[in-house]
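Since the structure comes first, as structure tokens, the remarks are kept for the end.
The values are calculated or read from the model by the stated rules, or taken from the named source; none is laboratory data. What you see is a predicted model, and the numbers here were worked out from it, not measured in a lab. Because the Cβ atoms are built from the backbone with ideal geometry, glycine has one as well, and the counts that use them run over all protein chains shown.
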């Protein structure tokens, strides 16, 4: 159990310093791929979620869809996609988008639905159109919820992109999968630790984003629900 | 892949016993950790509900734990628990389930309105009596909601264990991929989803029996 030895072996391997298998390149691949999947999922899911949240229609559909999506094993989807479409980034991107879309859909719908009806009525009352109400009133209030959904999706995509290396994707999963295949423990552990670091960094980044994105008016009002109940 | 049909039904027919064995293995690997997490979450949740100062850092830690990629955690555990052992897969799954169950337990215990709690005190209920007859029953719908999320994600996560040699139905994905044979992969996806669905239905049923007042109101 010589952790320091493994990590220094991993870091000092010349192949991990420059070239296609370098740490910098693998981190970049991982981030670009996760970013692409996230962006595609957001473009598909967020507008739909906003619409569902604002109109209140299709909520049952969202609940059912997310339940099913959570039950699907991504390793299965990734291997199937590669078998059917051939090795390539597009084939692996699809299951990752399918993984990231449900939390984004739920977060955007729930965020908009969670806005105070009085606030919406007030916005309509001072003459805002539905579109203006949604984008200038509801969306800022829903932003922290939306970002929390984005965080869930981002963390899941980063984790699953590691698994996708099994089906030929680049990124940090390469170290884990190749290291396991060749019984090269330093590589496997080094890759695993880098993925953990990346996931934790993402989590922290979003925690900061959420703090800054909360509109000041909604921040002050957040009191503990128990306070109202006490006699 | 050329000429290979998407599903060879006779392969499934020929391997029913094999598939059943993998499904049983999968259920154990995925669901025992959820049960262990439940047993841990209730006392831990009680302590956290009483001492919010302890809960905040603990919640932060579990938030990070939940974000850890499962494959990476399996790999990091291998030197301690061994390659392809059940423990290597089940220990992380227990942590993930606990990360889901602890907040829901605390929310459930806090959901008892102060007026109800004080009525129980006024009626002469001691702390343990109150816990057993007022607070824990009130937390049941929350616990079951948490169990549903934890169980379904545990079932789909357990398949990743196949990459380190112990993943129940996940083995079908590796097998099908290596042989460019989609039938086992599709059977695996269907069985994982079916296992998740069956577990979810059981939990909904359990809520109907244990907390009939919550049906409809709680999601």
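Screening B:143, B:147, B:109, B:101 for residues that are within 14 Å of another protein chain (Cβ to nearest Cβ) and within 30 Å of residue A:74 (Cβ to Cβ) leaves exactly one candidate, B:147. Just one of the numbered conditions (1) surrounded by fewer than 16 Cβ atoms within 10 Å (Cβ to Cβ); (2) under 16 Å from the mean Cα position of the chain (by Cα); (3) touching a residue at least 60 places away in the same chain (Cβ under 8 Å) is not true of residue A:46: (1).
Please state which one of B:97, B:87, B:24 is part of a helix (DSSP H, G or I) and crowded, with 16+ Cβ neighbours inside 10 Å. One residue alone meets the criteria, B:97.
Every residue, every condition in (1) part of a loop (DSSP other than H, G, I, E, B); (2) over 12 Å from the mean Cα position of the chain (by Cα); (3) under 30 Å from residue B:134 (Cα atoms), yes or no:
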| site | (1), (2), (3) |
| --- | --- |
| B:5 | yes, yes, no |
| B:17 | no, yes, no |
| B:79 | no, yes, no |
| B:105 | no, yes, yes |
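Within 12 Å of chain B (Cβ to nearest Cβ), more than 17 Å from residue A:36 (Cα to Cα), surrounded by fewer than 20 Cβ atoms within 10 Å (Cβ to Cβ) and without any contact (Cβ under 8 Å) to a residue 40 or more places away in the chain: is that true of residue A:122 in this structure? Spelling it out, it is not the case that residue A:122 is within 12 Å of chain B (Cβ to nearest Cβ), more than 17 Å from residue A:36 (Cα to Cα), surrounded by fewer than 20 Cβ atoms within 10 Å (Cβ to Cβ) and without any contact (Cβ under 8 Å) to a residue 40 or more places away in the chain. Would you call residue A:76 at pLDDT 85 or above and outside any loop (DSSP other than H, G, I, E, B)? Criteria met by residue A:76. Based on this model, can you work out whether residue A:40 counts as closer than 25 Å to residue A:205 by Cα and part of a helix (DSSP H, G or I)? Yes, satisfied. Within the range A:36-50, being more than 10 Å from residue A:105 (Cα to Cα) and touching a helix residue (DSSP H, G or I) at 6+ places or on another chain (Cβ under 9 Å) holds for A:36, A:37, A:38, A:40. Checking each residue in the range A:153-179 for being buried (at least 24 other Cβ atoms within 10 Å of the Cβ) and on the phi > 0 side of the Ramachandran plot picks out only A:171. For beta carbons closer than 8 Å, sequence separation of 6+ or different chains, a first residue in the range B:66-86 that is at the interface with chain A (Cβ under 7 Å from one of its Cβ atoms) and a second that is surrounded by fewer than 16 Cβ atoms within 10 Å (Cβ to Cβ) and not in a helix (DSSP H, G or I), the qualifying pairs are B:79/A:1. Within the range B:158-169, the residues that satisfy the criterion of being at the interface with another protein chain (Cβ under 8 Å from one of its Cβ atoms) and not in a loop (DSSP other than H, G, I, E, B) are B:159, B:160, B:162, B:163, B:164.
Conditions (1) more than 19 Å from residue B:29 (Cα to Cα); (2) touching a residue at least 60 places away in the same chain (Cβ under 8 Å); (3) surrounded by fewer than 24 Cβ atoms within 10 Å (Cβ to Cβ), marked per residue:
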{"site": "B:117", "(1), (2), (3)": "yes, no, yes"}
{"site": "B:128", "(1), (2), (3)": "yes, no, yes"}
{"site": "B:131", "(1), (2), (3)": "yes, yes, yes"}
{"site": "B:160", "(1), (2), (3)": "no, yes, no"}
{"site": "B:177", "(1), (2), (3)": "yes, no, yes"}
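Just so you know, in the range A:180-193 the residues that are touching a helix residue (DSSP H, G or I) at 6+ places or on another chain (Cβ under 7 Å) and either part of a loop (DSSP other than H, G, I, E, B) or more than 8 Å from chain B (Cβ to nearest Cβ) (or both) include one that is surrounded by the fewest Cβ atoms within 10 Å (Cβ to Cβ), and it is A:186. Within the range B:179-193, the only residue that satisfies the criterion of being free of Cβ contacts under 8 Å to residues at least 24 places away in the same chain, more than 7 Å from chain A (Cβ to nearest Cβ) and either under 14 Å from residue A:163 (Cα atoms) or part of a helix (DSSP H, G or I) (or both) is B:190. Residues in the range A:1-23 that are in contact with a helix residue (DSSP H, G or I) (Cβ under 9 Å, 6 or more places away or on another chain), farther than 18 Å from residue A:200 by Cβ and not in a loop (DSSP other than H, G, I, E, B): A:5, A:6, A:8, A:9, A:10, A:11, A:16. Take the residues in the range A:49-62 that are in a helix (DSSP H, G or I) and more than 18 Å from the chain's Cα centre (by Cα); name whichever of them is surrounded by the fewest Cβ atoms within 10 Å (Cβ to Cβ). My answer is A:60. Residues considered: A:177, A:155. Of these, the only one that is assigned to a helix (DSSP H, G or I), under 20 Å from the mean Cα position of the chain (by Cα) and either at the interface with chain B (Cβ under 7 Å from one of its Cβ atoms) or without any contact (Cβ under 8 Å) to a residue 24 or more places away in the chain (or both) is A:155. Among the residues in the range B:39-47, are any surrounded by fewer than 20 Cβ atoms within 10 Å (Cβ to Cβ) and within 14 Å of another protein chain (Cβ to nearest Cβ)? No, the range B:39-47 contains no residue that is surrounded by fewer than 20 Cβ atoms within 10 Å (Cβ to Cβ) and within 14 Å of another protein chain (Cβ to nearest Cβ). Candidates are the residues of the range B:3-18 that are within 14 Å of chain A (Cβ to nearest Cβ) and closer than 22 Å to residue B:174 by Cβ; the one that is surrounded by the most Cβ atoms within 10 Å (Cβ to Cβ) is B:8.
The C-beta contact set for the range B:195-211 (first residue farther than 16 Å from residue B:158 by Cα, second residue in a loop (DSSP other than H, G, I, E, B), distance under 6 angstrom, 6+ apart or interchain) comprises B:208/B:215.
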